[in-house]
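The block underneath contains the structure these notes are about, expressed in structure tokens.
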Amino acid sequence: MSTTTLTPKITMAQAINTALRDAMTADDRVVVFGEDVGPLGGVFRVTDGLTASFGEDRCFDTPLAESGIVGMAIGMAMNGMRPVIEMQFDAFAFPAFEQIVSHVAKMANRTRGKVRLPMVIRVPYAGGVGGVEHHCDSSEAYYAHTPGLLVVTPATNADAYGLLRAAIDSPDPVIFLEPKKQYFSKEEVDVTAPVPPIGRAVVRREGRDATLITYGPSVPVALAAAEQAAAEGRDVGVVDVRSIVPFDDETVCAAVRATGRAVVVAEAPGFASVASEIAARVTERCFHHLEAPVRRVTGFDIPFPAPKLERHQLPGVDRILDAVDDLQWEES
Amino acid sequence: MSDSLSRMLDEHGNVVEGVDPATLPPLADLLDGYRALVVARRFNDQASALVRQGRLAVYPSSHGQEACQVAAATVLGEHDWLFPTYRDCAAVVTRGVDPVEVLTLLAGEWHCGYDPVATRVAPQCTPLATQLPHAVGVAHAARLKGEDTVVMALCGDGATSEGDFHEALNFAAVFRAPVVFLVQNNKYAISVPLARQSAAPSLAAKGVGYGVPAELVDGNDLAALTSVLAAAVERARSGGGPTLVEADTYRIQAHTNADDASRYRNDDEVAKWLPRDPLLRLKAYLTAQGVLDAEREAAFAQVAEEMAAHVRAGSAGEGTADPSELFRHVFAEPTPQLREQSELLAAELTADLEAAR
């Protein structure tokens, strides 16, 4: 890996902040707004200093009303701007659901492509932060199930920077899901690297024996599981989906065909989930390469049990390794 | 200001006592407005007829509300925006959009029929009040860009119960967005009467809670509506922020052709509103002023007939686009999944064609 253009280690929150700054500098149509994103800099400090740097017209607080925030962003996008708005927590975004489903997702289609909405809805999502009730949810399936939305989720700080730049540049609306447990994890980021295209998965770890397919907050967990598996003599690869919509069948299926065994890992409840869609797609497309049914390791189908029992809900290394163990090794 | 009804012409076309006739809009404007009312009424009737003929899927008529429709469109400048609902076809037509394009959606097509950016008319919105925050966004963006654009946002009495009505009014007030909210209080949300929507003394009274100036106006009096709305537009344009206008009017016909109004209101109630027709009173006024005679009336009717003929001709064809277009606009660049699905549908259609040969 090249190290010549890496920044010092920065947190994911800082990587996103840098992406916002760079996008606002590059394009004065980019505006940032939401709840507490102004002088406070956001409850996770993602928008720290943007109002001071760019002024109140470019980064501002709104009344506390998520539907109004999304609705206003739609109008601003209709009138030539590129809003990047924040839903403070995943479970606080639901008042905006109608705006997202009925308008953000459909405007381009119902105007026959005459009105596209180049807007980004940033959503801190998933668990792992000990948040109390209504502060943690995995809402990706709602968005992914809605035609007309691009749905992206970074798992590394470099992708948080690069994918957000790509999302802001996109002519279509993007739901940008930020794994909130990783906001304060530090990594080096190459901000001069080419912006990754939306719609491409990436192989985080090569493996010959089995493939873990995952995204967002479960990527570090899957990598830890692969590391543990290696210690136990199994070579397990990890594919980071990155872009839920559009989905990169090519990269995911190539990895699965090479191993013949796959486990999908995600925090969201498994029933009717993104993990289920991935398992179905892999099964349809790789059936003759599979040595075992595709397994899913997901959250249970229960309301998010924050925070005292949260650890039982989130896929962990042991649960992943148990699923890998289950992939009918005795027959090969 | 919000609890008294603003009116200039009474039901008989007389200037209301206490109103200085000099404050009425110029006669030439009112004459143009009357012509627009005649065209709007004809458009409503023609669209309803097309439903009966099976050429439109449905039509929510603004019959009786034409003064609101005409005033909302005519007070706007070329670069201003109009945000209509499904009942505001006549306003969109008055704004200058081709009436055939306006009826595209109600004919059962999957798109709004016109170019919102070129026409400065947002797609007609079905989910109640959801377009109002968009209107605020367009207005706020215009303000940030230093443009003097004003946005006219339409909704009905039922929509004032929705959360987005509240959020839009509140955002507009906080950001001093140049938006005029026109609530056409036609007394019914499908079957549910106003008393079940709100216990407020008036819908205009809601402006107080947002710090938004509000006005209650006779919604069947084009002169009063034009005066009130034009003043609100001017205030918005000069940086004075949003205004809420409640137009007191009545939905003369059922919600749509698919609705049976006899199940929830009686004919006597409707009959009371018929003499308050917006066309009757303006016609009486203009006739008394000596600017409207039978000849001119006939000329206006001719304009309306030509529009109606254009609508009939335009709705005669099938008009259905290539099914592959269903996949084309969802994203700027179709995803691999949509390309695959588009190919699947294309293969099905090809097979159908071959089977039919």
Can you find even one residue in the range B:317-327 that is at pLDDT below 95 and either touching a Cys at 6+ places or on another chain (Cβ under 8 Å) or more than 14 Å from every other protein chain (Cβ to nearest Cβ) (or both)?
-> yes
Can you confirm whether the range B:4-20 contains a residue that is under 20 Å from the mean Cα position of the chain (by Cα) and either outside any helix (DSSP H, G or I) or buried (at least 18 other Cβ atoms within 10 Å of the Cβ) (or both)?
-> no
Pick from the range B:107-143 the residues that are in a loop (DSSP other than H, G, I, E, B) and hydrophobic (A, V, I, L, M, F, W, C): which of them is farthest from the other protein chains (Cβ to nearest Cβ)?
-> B:Ala107
Among B:Pro84, B:Pro99, B:Pro60, the single one that is within 26 Å of B:Thr226 (Cα to Cα), touching a strand residue (DSSP E or B) at 6+ places or on another chain (Cβ under 7 Å) and modelled with pLDDT of 95 or more is B:Pro84
With respect to the numbered conditions (1) under 13 Å from B:Leu222 (Cα atoms); (2) surrounded by fewer than 19 Cβ atoms within 10 Å (Cβ to Cβ), which one is the sole condition not fulfilled by B:Leu30?
-> (2)
Could you figure out which of (1) among the basic types (Lys, Arg); (2) more than 30 Å from B:Gly54 (Cα to Cα); (3) not in a helix (DSSP H, G or I) isn't true of B:Arg296?
-> (3)
Matching residues, the range A:287-332, being of a type in the set (D, E, K, R), in a loop (DSSP other than H, G, I, E, B) and in contact with a Gly (Cβ under 7 Å, 6 or more places away or on another chain) | A:Glu291, A:Asp301
Taking the range A:57-109 only, how many residues are of a type in the set (Gly, Ala, Ser), in contact (Cβ under 8 Å) with a residue 24 or more places away in the chain and in a helix (DSSP H, G or I)?
-> 7
For B:Glu147: the one exception among (1) out of contact with any helix residue (DSSP H, G or I) (no Cβ under 7 Å at 6 or more places or on another chain); (2) closer than 16 Å to B:Glu78 by Cα; (3) not polar (S, T, N, Q); (4) not in a loop (DSSP other than H, G, I, E, B) | (4)
On the given criteria, is A:Val31 within 18 Å of B:Phe175 (Cα to Cα) and of a type outside the set (Phe, Trp, Tyr)?
-> yes
Among the residues of the range B:172-209, count how many are more than 10 Å from every other protein chain (Cβ to nearest Cβ) and not in a strand (DSSP E or B).
-> 22
Output the residues belonging to the range A:144-155 that are within 14 Å of another protein chain (Cβ to nearest Cβ) and either assigned to a helix (DSSP H, G or I) or in contact with a helix residue (DSSP H, G or I) (Cβ under 7 Å, 6 or more places away or on another chain) (or both).
-> A:Ala144, A:Thr146, A:Gly148, A:Leu149, A:Val151, A:Val152
Tally the residues that are surrounded by fewer than 24 Cβ atoms within 10 Å (Cβ to Cβ) and within 14 Å of another protein chain (Cβ to nearest Cβ), restricting the search to the range A:118-140.
-> 1
Can you tell me which residue in the range B:289-305 is farthest from the chain's Cα centre (by Cα), limited to those that are surrounded by fewer than 14 Cβ atoms within 10 Å (Cβ to Cβ), small (Gly, Ala, Ser) and farther than 19 Å from B:Asp29 by Cβ?
-> B:Ala294
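Every residue, every condition in (1) loosely packed, with under 14 Cβ neighbours inside 10 Å; (2) at pLDDT below 95; (3) more than 14 Å from chain A (Cβ to nearest Cβ), yes or no:
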site: B:Thr287; (1), (2), (3): no, no, yes
site: B:Met307; (1), (2), (3): no, no, yes
site: B:Glu343; (1), (2), (3): yes, no, yes
site: B:Leu353; (1), (2), (3): yes, yes, yes
Please enumerate the residues belonging to the range A:18-56 that are basic (Lys, Arg) and either under 20 Å from the mean Cα position of the chain (by Cα) or part of a helix (DSSP H, G or I) (or both).
-> A:Arg21, A:Arg45
Could you please find all residues in the range B:160-171 being at the interface with chain A (Cβ under 9 Å from one of its Cβ atoms) and crowded, with 24+ Cβ neighbours inside 10 Å?
-> B:Asp164, B:Glu167, B:Ala168, B:Phe171
Using the structure shown, decide if A:Ser67 is at the interface with chain B (Cβ under 10 Å from one of its Cβ atoms) and either buried (at least 24 other Cβ atoms within 10 Å of the Cβ) or at pLDDT below 95 (or both).
-> yes
When restricted to B:Gln184, B:Gln131, the only residue out of contact with any Phe, Trp or Tyr (no Cβ under 7 Å at 6 or more places or on another chain) and either surrounded by 24 or more Cβ atoms within 10 Å (Cβ to Cβ) or not assigned by TED's automatic domain parsing to the domain that holds B:Leu222 (or both) is B:Gln184
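The values are calculated or read from the model by the stated rules, or taken from the named source; none is laboratory data. Owing to the predicted nature of the structure, the values given are computational and were not obtained by experimental measurement. Virtual Cβ from ideal backbone geometry, glycine too; neighbours counted across all protein chains shown.
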